[in-house]
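Down below is the structure, laid out as structure tokens.
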Amino acid sequence: MTVPEIEQPRQAKLTVITSAGRSEAHPLLVGTDFPLIREQEPNDGFHQAQPIASSQAIVGTTQADRDVDVFVLDGSPGDSVEVEVLAVPFGSALDSILTVYDASGNIIKANDDADLKSESPGSDSVLKFEIGQTGRFYICLQDAHDRGGPAHPWLINVRTTR
């Protein structure tokens, strides 16, 4: 498959046609807003958290039941951070929960399902938070039903603005 060069990330539809017929159209994400990296295991806790940049896209999979994927982000006062999970629109079985912790392990913010008034309603998670002090922040992604495996891929967009 060849994908044309694009200026803006977008969702395309992929249909497979064979002698047996035509498949349903499946969503296909083409491009990202930020540099894309792949999740690196192990990243199952604060001590194994994968470092990420302030504006980053991460692609990965909740690999097994009870898998938690943890990412660490350094922040400064005045930073505004938005973390968005994209899974369901792309056929994933993931029912995401996002939780952000400070360096002391205190929960700053959590989200199970995005607000139904948002642009991405459903079982994907979105959260926004303001950074009040310089430090490390841990972004944790897990499945709400503690499920995982090959049917649980995801894309996380992390946007930081001042």
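Read-outs throughout are calculated quantities, based only on the coordinates presented, and are distinct from any laboratory measurement. Keep in mind the model is a prediction, meaning the values are calculated, not measured. Here the Cβ is made from the backbone with ideal geometry for all residues, glycine too, and neighbour counts use every protein chain on show.
Summary of computed values
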item: Alpha-carbon radius of gyration plus Dmax, which is the widest Cα pair, for the chain in Å; result: 16.6, 60
item: 10 Å Cβ shell holding at most 15 others, DSSP loop, GluC sites (Glu not before Pro): longest site-free stretch of the chain; result: 25-118
